Amino acid sequence: MSEVLNTEANLSRVAACELTSEKLSIAGIRCAACVQLIEYSVAQLPGVERFKINPMTQKADLRWFQDQIELKRVIQAIVRLGYAAFPAHQSLTEYQQKAKKKALWRLFIAGFAMMQIMMYAFPAYLVPVPSVDGDLTPDLDRLLKLASLVISLPVVIFSAKPFFKGALRDLRHRHIGMDVPVSLGILLTFFASVWTTFFGGAVYYDSAIMFVFLLLGARFIEDMVKSRTNAALQILTQLPRSLVHKILAFPQDRNTIQVDPSTLQVGDVVLVPAGDQIPCDGVVLEGHSECDEALMTGESRPVLKQVGDQVIAGSINQHSVLIVKAECVGQETQLAHLIGMMENATLEKPRLVQIADKHASRFLIAIILIAIVSGVVWSFIDPSRAFWIAISVIVVTCPCALSLATPGVMSAAIGQMAKAGMLMTKGAAIESLAKVTHVVFDKTGTLSFGRLRVLETTWIREQIQGCDDIQALALRISGLSSHPVSKAVHEYSAERMTRSQQQRATSIELSSTKEFPGLGVEVQCLGGVLRFGRLEFALELSASDWQIPTRYVDKTISVLADQEGLIAVFVLQDSLRDDAIEVVQELQSSGKKVLLLSGDRLEVVRASAEACGISEYFAELKPDQKFDMVKELQAQGAIVAMVGDGMNDGPALSLANVSIAMGQGAPISQSRSDCLLMSNRLSDFSFAMRVSRLSYRLIQENLAWALLYNLIAIPAAVIGWLEPWHAALGMSLSSLLVVLNGLRVLRMEPAVMLFQTTNERN
């Protein structure tokens, strides 16, 4: 008995020690330094196993041991750092709206004050000059300075408050972030101007206020870019927010109660009216309707759902009521997994960004040291200028441009790709995609639709003994197999037959059926044996000899035959995607080497390659052979992008520098991919290639500009060529420049948008 109790106790302890995961939304993140500070502080808490922040979505992935720490303590630790934190399932809309309104007020007050103070400062810059009758009198000069002081106070107290809070937070935690030099520049300029207002000398209220206004403007534009991007991405997260109809005792009692979708459990039965989103992954128990699954599969046409069919969370029930049994709920649904991958897209940054982030703190410390040394040196040369030169150095070299160089570009790029249905699961893939030299395509399901279509039908005999409707017989037998060839023939036959013919087909009695995998189906009916499938398999019944015409050598042939020989011949082909040829030509014209690797027959692969203009193609490849070929390309120095959909593409996708899985592809290929082409349009892949190239170039330009600006501005400030207002203007304009340069990505719009914001749809 004691052993049993001990065992139970041990099991309880093990259960208590299990890892728990949660998504947190964090507000107030401004730069890489903020991310580093929060991640480091939370990681030091006992019981925290993993904590990683996505700077674009401002969401964090938290994993912790419940027996060691509570979620509340983690959130409190983040709040103590000066940031707002919430569980991700809680809506941040209200908080974000308040923050946006306050940001607009700060920007308005700073802008209004800047215009007024510039009016007061203008006479001081012009006087004395010959065109002005007399000099600026001391009393008027003092009055203008006092007016500037009064107008500056709201800006320093209210508008600049975010910079001061950030700086205090960083210093409290012995961390130097961007807000530290910004705050130093504002405060030193302001209080030095206050001193000179009462004791004589030049004032630079205009410099301080201009500094605040332009920085706030740059931040506001950056936030708007992120908001626009996240609006496109948040379409994915729009699981039902309204209450769902849960059936308590199906099928005995069909009464429903309305419950929150987050409370659903596996096994629950829900009623989904027409027009509602399906709240879970499950199976249809009753009803038939059509569902819009474009969100998950990229299929533009509604998909018929009836009893026994699987449904996906987030899809839209379009026509009639469905009763669904929940099989996966909450974070276990396919859509939730997709959302998780999307939210982690920017955790891995381009190499250039990693280098910049790594040296950001050192650069900030160097700025302060240079300013101090400059002030000390100038105190011996010209003591009256020493203080102002030190301020100019601090202001002009604030690394705002450096911190703003990449986030806006990354956000805009990922958002534009998402609109087209190209979902990035790894943000670092943007850099790799921009550098790709070789693009490797799979054929079936990638360059082609992956669905066989009947091109031609030849009826050898109009009737056989016991059956005067061969078409009805073909419909009946082809429906016995789930093989793609059988399904294609069945769909083709059904589309071309009347309802009475279809009913006649279902009435044909079959004595026995047997399926031969990879060959076809054999049935006994009408007093004889019939086979449907491969030519050589079907003709075994009659030992007849029928040669495939030369024009069909690259096509798929399926036949219906009995003991007397052929009855019907079906010619099928997997046709190329509508945009395949255009995309291949575009890639080749941009300097990319395009290859085709397929497991299909040589004749079929050759026909597809020639149609697309691909000179290098390989057929009848096994998964390990595809893997080896990608490895060989990389050994030769190639940067390879692999586009595939099937299970056999998994190894090659995992090895490629950039892997792109089709949205309709196998789960294993999607799990090993850096990008998901949810639209299944190859044109969106080429669009993503263009976006990545532009984005990477813009990041390079922004970082280069930030570096060049500092190389010019620092020496100029040190030798005294820049006044504080010059420094404020230069630094602020450089920050605006990199933000506006990043907005160029938004000018690239996909031809067709799979994911649109709510406003765009309305």
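Each reported figure results from applying straightforward, stated rules to the coordinates on display, with no laboratory input. Owing to the predicted nature of the structure, the values given are computational and were not obtained by experimental measurement. Virtual Cβ from ideal backbone geometry, glycine too; neighbours counted across all protein chains shown.
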- Counted neighbours (other Cβ, 10 Å), sorted fewest up, put Trp64, Trp105 in the order Trp105, Trp64
- Item | Reachable aspartates and glutamates, given that their alpha-carbon falls under 16 Å from the alpha-carbon of Lys98 and they are not under 8 places away in the same chain | Asp223
- Item | Phi-based couplings in Hz for region 375-389 (Karplus 6.51, -1.76, 1.60; Gly and Pro marked x) | x, 5, 4, 6, 5, 8, 7, 8, x, 5, 9, 4, 4, 5, 5
- Note on the structure: Between Leu602 and Arg63, Cβ-based FRET efficiency (R0 56 Å, step 0.05) works out to 0.70
- Using a simple charge model, +1 on the beta-carbon of Lys and Arg, -1 on the beta-carbon of Asp and Glu, nothing else, what dipole does region 449-576 show about its Cα centre, in debye to the nearest 20? 400
- Query: Which of the lysines could a cross-linker bridge to Lys145, judged by Cα under 26 Å and excluding same-chain residues fewer than eight apart?
  - Reply: Lys161
- Note on the structure: In nanometres, the difference between 0.36 nm per residue of separation and the alpha-carbon distance of Glu632 and Gln585 is 14.5 nm
- Task: May I ask for the percentage of alpha-carbon pairs in region 449-576 that lie more than 22 Å from each other?
- Result: 29
- Message: Can you tell me how region 159-207 classifies by the Cα gyration tensor, rounded, prolate or oblate, using a/c under 1.5 as the rounded cut?
- Response: prolate
- Calculate, in nm to one decimal, what Ser384 and Asn255 gain on full extension: separation in residues at 0.36 nm each, minus their alpha carbon distance. 38.0 nm
- Once you put a point 7 Å from the Cα of Asp578 and another 7 Å from the Cα of Leu168, both along the Cβ direction, what distance in nm separates them? 6.0
- Message: Would any residue of region 541-561 have its amide N under 18 Å from a label point 7 Å out along Cα→Cβ of Glu495? List them or say none.
- Response: 556-558
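If R₀ is 30 angstrom, what is the calculated FRET efficiency for the pair Trp195 and Leu733, using the beta carbon separation as r and rounding to 0.05?
0.60
Using the structure shown, list the pairs from Lys23/Lys101; Lys23/Lys325; Lys72/Lys102; Lys426/Lys626; Lys555/Lys626 with a Cα-Cα distance above 29 Å, or answer none.
Numbers: Lys23/Lys101 26 Å; Lys23/Lys325 27 Å; Lys72/Lys102 27 Å; Lys426/Lys626 23 Å; Lys555/Lys626 24 Å.
With Cα atoms farther than 29 Å apart: none of Lys23/Lys101; Lys23/Lys325; Lys72/Lys102; Lys426/Lys626; Lys555/Lys626.
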- Rounded to the nearest 0.05, what FRET efficiency do Asp309 and Asp624 give with R0 = 35 Å and r taken as the Cβ-Cβ distance? Could you check? 0.50
- Determine the gain in length on full extension of the stretch Leu285-Arg690; use 0.36 nm per residue of separation and subtract their C-alpha separation, reporting nm with one decimal. 141.2 nm
- If the label point is 7 Å along Cα→Cβ of Gln463, which residues in region 477-513 have backbone nitrogen under 19 Å from it? 498, 500-509
